[in-house]
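Peer 1: Sharing a structure, written as structure tokens. Questions coming.
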Amino acid sequence: MLKRTHTCGELRAEHVGEQAVLSGWVANWRDHGGLAFIDLRDRFGLTQVVFRPEVDKDLHGRARELRAEYCLSVRGTVERRPPEMENPDLPTGQIELVAAEMELHSASETPPFEMHGTEQVSMEVRLRNRYLDLRSRRMQHNLEFRHRLMQTTRSYLDENGFIEVETPFLTRSTPEGARDYLVPSRINPGRFYALPQSPQLMKQLLMIGGMDRYFQIVRCFRDEDLRANRQPEFTQIDLEMSFVDEEDVMGMVEGLMARLYRDVLERELELPLPRMAYDDAMARYGTDSPDLRFGLEIGDISDIAAGCEFRVFSAAVAEGGQVRGISVPGGAEMARSQVDGLVEWAQQLGAGGLAWVKVRRGAAEGGVAKFFSEGELDAIRERLGAEDGSILFFVADSPYVCNLVLSHLRRRLGRELGLLNDADDALCWVVEPPAFEQDEVTGEWTFVHHPFTSPRSEDLGKLEDDPGAVRARAYDIVLNGEEVGGGSVRISDYDRQVRVLKVLGYTEEQIQDRFGWFVEALRYGPPPHGGIAFGFDRLVMKLLGVEDLRETIAFPKTQRAVCLLTGAPGLVSEDQLRELGLRLDTD
Ligand code: ASP
């Protein structure tokens, strides 16, 4: 076998005259009658190889048979290309390899698409032929980038005293709010393992077990109806620390982010990251994952609207709702059709309407301006910080609808007005969210983060009587308007844990049955502890600046949770079912 001496991205002018062996795939071939050329490609680059009949007539003949994606090794002499043949776009563009010997490892069928320009190819075709898609520069770059983030994370956490511990996949249900993937047990008929939605309880047990600092880059499984950019199995950077409060965890994570930016993106990240209380984020951005790359902050004019003549506004406030809005600089120039388009879109999102006024020459006009006095209009303009030439949009509705519509409107305008172009990444923390939220229909309380998150100690008195007023010692890290990680300080007290589980509707019996194995451990000297988990695929996607999670995962699934390459999930035989004690009840 010809053993390679260099990669296809390595040879330069300084190697001219040397012998080299390259191995890779035929990216392009050109048969110029007299000369045969191929571009040989591997993960590291591309090198032009030329076959000359005067060097070896027989070899030249064989080279003329080469086609796209044939896999081969070739030995030859590095030669400088004639000046007019140099390719300044290619790192190896000054040289070519003049072939003297070739070993063809394997031929290839004509591939269904070309490996360069795969952005033209549909995702479905790419996923069906993923091993070919992986040969594209794009996927190789993406997976290298992912690897680099992973390795840098490992080094950073290792340097900071974390140890990587694996936790089981075949385990019991962990309540993270999604449906479990279940695995039937053959040896224990009628019983099932659950694949972990996260290693949450295991990592807490590791703290109770004295491991002090744990991390894992780990697969998690959630059987959810998939929306775009969700995967049924996904990867977390998961970590947990003992004898810490939220400051310690956030500080450690900021250090990690700065390190990833410096080592992988070669950019400096300014620390500390800005922090925002959950309520503040909701008030100013209408969401708990605000995009801080641009302004367009939301303002509340409910007090002004309460007494105004405009019934839509005053009635909304009277019914316990709000009137909130945003001011869009330059928006006074928007055409009527554009404004109408936004109104219609807001209605589709669930708003009764989207009121507007324009500010020109220091005065508000158009839209709903006629329903307000001069004084009210001045107060509204001031509240929203509206400058001349702006358009102001308002939603009068429940807080939920105001937040929903205004956060979407803000995001849409940020994009359409080009406010995101060239903006630096914006990272921030959103802290102290509510611990519980109430199901609108059933009135039952559910957790916002997860049931093992510690309530703030000053709110403990309200736990049973007013759960909605209890704040959690939780924090989310948000990058350009998307949550990329979340964690909390945990409950490290048996009684408190049981109280919280009871608020969530578990009886003493259910607690013992479902979490007994965990809560019992809280009776044996648990340390104060806390941690966080990053959605690693999402982090890679955001830092890479791509829009589709599947660009960052080697073998992803479709939105229907299907692997197009293997056809998973597949059917199983009657025998397999019988062994598991299962009978199918599907048509
Ligand atoms: N286990 C949590 C999650 O998956 C993260 C954490 O609290 O550390 O979201």
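The values are calculated or read from the model by the stated rules, or taken from the named source; none is laboratory data. Remember, predicted model here, so these are calculated numbers, not experimental data. Cβ coordinates were reconstructed from backbone atoms using ideal geometry, including for glycine residues, and neighbour counts include every protein chain displayed. Keep in mind that these areas ignore ligands, DNA and RNA; they rest on the heavy atoms of the full protein, side chains included. Shrake-Rupley method; radii C 1.70, N 1.55, O 1.52, S 1.80 Å.
Peer 1: Considering only protein heavy atoms, what per residue accessible area in square angstrom results for the range 277-384 with a 1.4 angstrom probe?
Peer 2: Heavy-atom SASA per residue in the range 277-384 reads 47 Å².
Peer 1: While we're looking at this one, here's another question. Which of the lysines could be linked to Lys557 by a straight reach, that is with a Cα gap under 27 Å, when you skip same-chain ones fewer than 8 residues away?
Peer 2: The reachable lysines, counting only those whose Cα sits under 27 Å from Lys557, are Lys542.
Peer 1: Still on this structure, please answer the following. Dipole magnitude of the chain about its Cα centre, charges +1 at Lys/Arg Cβ and -1 at Asp/Glu Cβ only, in debye to the nearest 20? Could you put the intermediate results ahead of the total?
Peer 2: On the way: 69 positive and 98 negative charges, 292 e Å.
Taking the Cα centre of the chain as origin, the dipole is about 1400 debye.
Peer 1: What FRET efficiency comes out for Ala554 versus Ala363 if R0 is 51 angstrom and r is the Cβ-Cβ distance? Round to the nearest 0.05.
Peer 2: E between Ala554 and Ala363, to the nearest 0.05, is 0.30.
Peer 1: Give me the accessible area of Ser23, 1.4 Å probe, in Å² rounded to the nearest 10.
Peer 2: Its heavy atoms expose roughly 20 Å² to the probe.
Peer 1: Let me ask you something else. Check cross-link reach from Lys462 to the lysines: straight Cα distance under 17 Å, and skip same-chain residues fewer than eight apart.
Peer 2: Lys502
Peer 1: Here is a follow-up. Determine the relative contact order of the range 228-296: mean sequence separation of Cα pairs under 8 Å and six or more apart, normalised by residue count, in whole percent.
Peer 2: Working: 20 pairs, mean separation 10.0, N = 69.
Relative contact order comes out at 14 percent.
Peer 1: In addition: Give the distance, in whole Å, between the Cα centre of the range 563-587 and the Cα centre of the range 238-274.
Peer 2: 44
Peer 1: In addition: How about Lys358: which lysines have a C-alpha closer than 23 Å to its C-alpha, ignoring those fewer than 8 places off in the same chain?
Peer 2: Lys370
Peer 1: In percent, what relative contact order does the chain have, based on Cα pairs under 8 Å that are 6 or more apart in sequence?
Peer 2: For the chain, the relative contact order is 13 percent.
Peer 1: Still on this structure, please answer the following. With axes computed from alpha carbons, what is the tilt in degrees of helix 494-503 against the longest principal axis of the chain, rounded to the nearest 10 within 0 to 90?
Peer 2: It works out to around 80 degrees.
Peer 1: Kindly provide the helix-only [θ] at 222 nm of the chain, computed as the sum of -39,500 (n - 2.57) over DSSP H runs of four or more divided by all residues, to the nearest 500 deg cm²/dmol?
Peer 2: -8000 deg cm²/dmol
Peer 1: Could I ask something else about it? Alpha carbon centre of the range 202-223 versus the range 35-86: separation in Å?
Peer 2: First find each Cα centre; the distance between them is then 52 Å.
Peer 1: From Cα pairs below 8 angstrom and at least 6 apart in sequence, can you work out the relative contact order of the range 297-364, rounded to a whole percent?
Peer 2: Values: 51 pairs, mean separation 16.6, N = 68.
Relative contact order for the range 297-364 comes out at 24 percent.
Peer 1: Hey, if you put +1 on the Cβ of every Lys and Arg and -1 on every Asp and Glu Cβ in the range 534-587, which of Met541, Ala561, Ser573 ends up farthest toward the positive end of that dipole?
Peer 2: Of the options given, the answer is Met541.
Peer 1: Using a/c under 1.5 as the rounded threshold, could you call the chain rounded, prolate or oblate? The axes a ≥ b ≥ c are square roots of the C-alpha gyration tensor eigenvalues, and prolate needs a/b larger than b/c, oblate otherwise.
Peer 2: Oblate.
Peer 1: How far is the Cα center of the range 391-437 from the Cα center of the range 146-187, in Å?
Peer 2: The range 391-437 and the range 146-187 have Cα centres separated by 32 Å.
Peer 1: Once you list every other residue whose beta carbon is under 13 Å from the beta carbon of Glu224, what net charge do they have if Lys and Arg are +1 and Asp and Glu are -1?
Peer 2: With Lys, Arg at +1 and Asp, Glu at -1, the neighbours total +1.
Peer 1: Sticking with this structure for a sec: Counting other Cβ atoms within 10 Å of each Cβ, which GluC sites (Glu not before Pro) in the range 170-272 have at most 16 and sit in a DSSP loop?
Peer 2: Working: sites: Glu176, Glu224, Glu233, Glu240, Glu246, Glu247, Glu254, Glu266, Glu268, Glu270; in loops: Glu176, Glu224, Glu266, Glu268, Glu270.
Here the sparse-neighbourhood loop sites are Glu224, Glu266, Glu268, Glu270.
Peer 1: Any chance you could give the angle, 0 to 90 degrees and rounded to 10, that helix 137-159 forms with the longest Cα principal axis of the chain?
Peer 2: 60
Peer 1: Expressed in nm to one decimal, what extension gain is obtained for the pair Gln510 and Glu114 from 0.36 nm per residue of sequence separation less their Cα-Cα distance?
Peer 2: Length gained, Gln510 through Glu114: 136.9 nm.
Peer 1: I'd like the chymotrypsin sites (Phe, Trp or Tyr not before Pro) in the range 509-542 restricted to DSSP loop residues with at most 13 other Cβ atoms within 10 Å, sorted by number. Intermediate results must be reported in sequence, preceding the final value.
Peer 2: Values: sites: Phe515, Trp517, Phe518, Tyr524, Phe534, Phe536; in loops: Tyr524.
Answer by residue number: Tyr524.
Peer 1: Mind checking the angle between helix 374-383 and the chain's longest principal axis? C-alpha axes, 0 to 90 degrees, to the nearest 10.
Peer 2: Rounded to the nearest ten degrees, it is 50.
Peer 1: So how exposed is Thr566, as accessible area in Å² (1.4 Å probe, rounded to 10)?
Peer 2: Near enough 100 Å² of accessible area.
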